[in-house]
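Engineer: Please read through the structure below; I'll follow up with questions.
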Amino acid sequence: MYNSYKELKEALSKANQKYKLLLHSCCAPCSSHVLMLLKPYFDITIYYTNDNIYPESEYQARLLEQIRFCKNIDYNIQVVADPYLPNDFNQQIEGLEQLGERSQRCYNCYKLRLEKTAKKAKELSFDFFTTTLSISPYKVTSWINEIGLQLEQKYQIPFLYSDFKKDEGYKHSITLSKEYGLYRQDYCGCIYSLKERSMHDE
């Protein structure tokens, strides 16, 4: 629907009604700025589907923090969570395990989570779907939007173009994390990013 973040911001400023948005979130800190930005324009439901996260205790910790944050900001935002299915992630990145951050491994991971979000948005009759992933400076935003627009065509549900790190969105998420005492993890989520972080720490 939009081909740039500037177009998105202009369209939001002119919106005269609230649409239903299914927002994939990887964690509470990444959702913080995005929720503050989009809530005036959308009725938002958080969709937590992150089979890449390792271990399961980390998956649950991030989910509980997401739920806690949504309650604390008092926006009446529902959190819908998928069951933890790590084999879905393992199958999606098979043969790519040894590639590093910002590689085809990550592209496939984005696609897994975005496709589940598009399917769920279609199933539940949302007006739009999108993801918080583009707030991270470590993610490839062009890939996220490329995948989202492909899924828009596949499932016939509009994808909300995103580049939420713009306008100092990432910095704002850090500020909000401190304000609300949010747990900020120090690796992306998968076992490979955890190992890569450990190697850098040595």
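The values are calculated or read from the model by the stated rules, or taken from the named source; none is laboratory data. Quick caveat, the model's predicted, so the values are computed rather than measured. Neighbour counts are summed over all protein chains in view; Cβ atoms, including those assigned to glycine, are modelled from backbone coordinates with ideal geometry. Ligands, DNA and RNA are excluded from the accessible area calculation, which covers all protein heavy atoms including side chains. Shrake-Rupley method; radii C 1.70, N 1.55, O 1.52, S 1.80 Å.
Engineer: Which one of these is surrounded by 14 or more Cβ atoms within 10 Å (Cβ to Cβ) and in contact (Cβ under 8 Å) with a residue 60 or more places away in the chain: I46, I73?
Structural biologist: So the residue among I46, I73 that is surrounded by 14 or more Cβ atoms within 10 Å (Cβ to Cβ) and in contact (Cβ under 8 Å) with a residue 60 or more places away in the chain is I73.
Engineer: For residues that are over 19 Å from the mean Cα position of the chain (by Cα) and among the polar types (S, T, N, Q), scanning just the range 4-33, find the one that is surrounded by the most Cβ atoms within 10 Å (Cβ to Cβ).
Structural biologist: Applying the filter and picking the extreme gives S13.
Engineer: I need the full set of residues from the range 143-165 which are open to solvent by 30 Å² or more (accessible area, probe 1.4 Å), within 15 Å of the chain's Cα centre (by Cα) and charged (D, E, K, R), in order please.
Structural biologist: Scanning the range 143-165 gives E146, K165.
Engineer: Which one of these is in contact with a Pro (Cβ under 7 Å, 6 or more places away or on another chain) and either surrounded by fewer than 19 Cβ atoms within 10 Å (Cβ to Cβ) or modelled with pLDDT under 95 (or both): R197, R184?
Structural biologist: Checking each option against the conditions leaves just R184.
Engineer: What are the pairs, 6+ residues apart or on separate chains, where a residue within the range 98-119 that is under 24 Å from R197 (Cβ atoms) has its Cβ under 8 Å from a residue that is of a type in the set (D, E, K, R) and crowded, with 18+ Cβ neighbours inside 10 Å?
Structural biologist: Pairs that qualify, where the first residue is under 24 Å from R197 (Cβ atoms) and the partner is of a type in the set (D, E, K, R) and crowded, with 18+ Cβ neighbours inside 10 Å, are L99/R105; R102/K139; C106/K139; Y110/K139; L112/D51; R113/D51.
Engineer: Separate question: It is to be established whether one or more residues within the range 39-57 are within 17 Å of S173 (Cβ to Cβ), modelled with pLDDT of 95 or more and part of a helix (DSSP H, G or I).
Structural biologist: Checking the range 39-57: not a single residue is within 17 Å of S173 (Cβ to Cβ), modelled with pLDDT of 95 or more and part of a helix (DSSP H, G or I).
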